[in-house]
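Written below as structure tokens is the structure these notes are about.
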Amino acid sequence: MKTWHIFLALFVNALAIHDFQDLRQPTEIISQNGALNFTFTVDVFRYIGQVNYTTRAYYYHGVGSIPGPTWRVKAGDTITFTLKNALPPGQSTEYEHNTMHSPDTTNMHTHGLHVNPYEDDVFIEVHPEEQHVYTYVLPDNHAPGMHWYHAHHHGATAFQVIGGLAGAIIVDPVDDSIIPPELSNMDEIVMILQHMKFDSDPGNGCPNSENFVNAFRPYSYLEISDEIGDTLDVNPSLANTSLADFYVVNGQYQPRIQMRPGEKKVFRLLHAAGTHTLEIEIPGCNIYRISRDGVYRSEPTDAVDVIVLIQASRADIIVDCPRPGTFILKSTIDPSRDNIVSSNVLRYFQDPILTIEVSGDELIMPLPSQLPPLPSYLSDLQNVSRQDIAGQYRVDFGQLRGPETCNFGINGMLFRGPDVYDHIMTLDTIEEWMIKDTGPESHPFHLHVNHFQVISTTYQDDPNQIVFEIGEWRDTLAARDVTTIRFRTDTFPGVLVLHCHYLRHEDLGMMQVTYIESSPETDTGDHGTGSIGQEAEPNRGGIKHSESIELHESDINSSGQFKSSTYVFFTTVMIVVLSII
Ligand SMILES: [Cu+2]
């Protein structure tokens, strides 16, 4: 963003109607005696705020809200959740994959939860006048942390998430004593950041083509509504016609919170979006990050200047403001980070997003020296020996060649359907994947069900590890150059979905399905219906949807897996680069 853009944004902001209301917390639905049983109904909803518009929302006990209520559970709990679709019937249930379609078909994804993939199944379709009962059984050792839920019907994901179908999931530990007292003494504030955009900004995120099939740029809700064939009348009405592109916190525009000087609070930030990258700053206050993507660090960071929240990411931060006064939480575009935070077209400026009023008597609150320990499935994989790595895979984000020049795919392909497995793994083993993205922008890589640990990267422009840290656990990662991740295929056999979390890319084909077998000897395919790559095996049900394959790397074989010779080459290059650093 150029300097004059920032001044323009400041000017427009000065004209805006500020709510300056106290920040509300979403309704919490809290588990009792190990169970959380509830129903959400998806129905038409008129959002009222800086913009009034007609969209879809989750209704709980007859009350609709954006964001939806927070699910609050403990490790070991069972969530029994009924999703009812009360949207108007009449849309076709026929569609082609990798197009925008079915605005009124929905489903549920529990982003970040470590649960059975046949419970967190994004290929379930809940059409209008249908319902589905989801059962999620959290493992007894599920890590505490904040995750989120959102609609994930491929082809309608971006539309429904941007439209507001999202909310927070908080997993508390069974044993509260693992939370250090310094942390449990702090107030916790959930801050769900959602983007609303009703102007048209053609932008240009497609550097090599005039064909903006799937460019990297912010799309307005109206554009996507048109494209997907939404039959609802969005009927937007702006409180200020100059302000049509903004973030809200828990559905509120520029709300405020109160703190005392020196008081430490935990801000649980959830970027419930699929477009922008935020760079959160709170000038005059101290920020200590204690978790990312719902997984605690071993100890708080030193005070940091900025929290980069890529699409879908979460961060728990401890904040204190030493002096009385008014402070702001904002998203900035600092030129010093131009080479660090990629996707320049998707960086975002808003000042303020939230106001902090600091007054009253000073409090002195210590930081915790340690944070809750991680469970065994998140134990450190940085120093495992090579022979302990059972499988390797490469995920190559890039543009497709040919007439679809500005359409993006993975390993040269678009999503081939839920029954085509691009990589096969074995349960309870260690996988090592290389996430490659050498384009000018940065696709946010997201893996379902299993968090992964960042092992190394060839990207050299972020020496202070602002965007991601080596060794941290993530479920969504800004892919840059070649970044190596590892994870355990813990507990849950079955499909493992990966995709770009710039959600329009996902809808239009940047998604793959991989598969974890119980064991190579005993697996019969009974718990899966798909096939490996294009080599259909009768006992797996064959391929339902197949697309022409266009490879742009000669060294990717037909199942999208990276040949070992190329893997060795990349590893060698990476080791050399890292040793130079
Ligand atoms: Cu992408």
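The values are calculated or read from the model by the stated rules, or taken from the named source; none is laboratory data. No experiment lies behind these values; they were computed from the predicted model shown. In this analysis, Cβ positions are derived from the backbone assuming ideal geometry, glycine residues included, and neighbour counts consider all displayed protein chains. Ligands, DNA and RNA are excluded from the accessible area calculation, which covers all protein heavy atoms including side chains. Shrake-Rupley method; radii C 1.70, N 1.55, O 1.52, S 1.80 Å.
Tabulated data for the structure shown
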| read-out | value |
| --- | --- |
| Residues in segment 36-67 reached by a label modelled at ALA86 [backbone nitrogen below 18 Å; 7 Å Cα→Cβ] | 38-48, 54-67 |
| Area of LYS84 that stays accessible when all protein chains are in place (1.4 Å probe, Å², to 10) | 80 |
| Considering only segment 25-176, percent of DSSP beta bridges that pair antiparallel, nearest 5 | 65 |
| Formal net charge of residues neighbouring LEU378 (Cβ-Cβ distance under 15 Å; K, R +1; D, E -1) | -4 |
| Built amide H within the under 5 Å cut-off of ALA239, gap 5+ | VAL51, ASN52 |
| 5 angstrom amide H check on ASP422, placed H, neighbours 5+ away | VAL513, THR514, GLY533 |
| Per-residue SASA entry for SER379, accessible area with 1.4 Å probe, Å² rounded to 10 | 40 |
| Three principal axis lengths of segment 251-319 [C-alpha, angstrom, descending] | 35, 33, 17 |
| Column: log10 I(q)/I(0), Debye, Cα scatterers of segment 308-383, q = 0.13, 0.22 Å⁻¹ | -0.72, -1.11 |
| In Hz, Karplus ³J(HN,Hα) per residue of segment 450-455 (6.51, -1.76, 1.60; θ = phi - 60°; x = Gly, Pro) | 10, 5, 10, 9, 7, 9 |
| Under 15 Å, Cβ to Cβ, from VAL174 - net charge with Lys/Arg +1 and Asp/Glu -1 | -3 |
| For LEU427, solvent-accessible area (1.4 Å; no DNA, RNA or ligand), Å² | 30 |
| Ranked order, GLU94, GLU431, GLU130 - accessible area, probe 1.4 Å, largest first | GLU94, GLU130, GLU431 |
| Amide H contacts under 5 Å for GLY251, placed H, 5+ residues apart | GLN194 |
| Span per principal axis, largest first, for the Cα atoms of segment 281-419 (Å) | 63, 41, 29 |
| Flagged links, alpha-carbon separation over 30 Å, of LYS265/LYS436; LYS74/LYS265; LYS74/LYS436; LYS74/LYS264 | LYS265/LYS436; LYS74/LYS436 |
| Exposure ranking of ILE162, ILE189 by accessible area [1.4 Å probe, largest first] | ILE162, ILE189 |
| Heavy-atom SASA rank of THR55, THR27 (probe 1.4 Å, accessible area, largest first) | THR27, THR55 |
| In order through segment 88-101: 3J(HN,Hα) via Karplus (6.51 cos²θ - 1.76 cosθ + 1.60), integer Hz, x for Gly, Pro | x, x, x, 6, 5, 9, 8, 7, 9, 4, 6, 10, 7, 7 |
| Compactness of segment 351-473 as Cα Rg over 2.2 N^0.38 Å, two decimals | 1.49 |
| Local electrostatic count, ASP316, Cβ distance below 9 Å [Lys/Arg +1, Asp/Glu -1] | +3 |
| Derived scalar couplings ³J(HN,Hα) [segment 382-393; Karplus, 6.51 cos²θ - 1.76 cosθ + 1.60; whole Hz; x for Gly, Pro] | 5, 10, 5, 7, 4, 6, 7, 8, 7, x, 10, 7 |
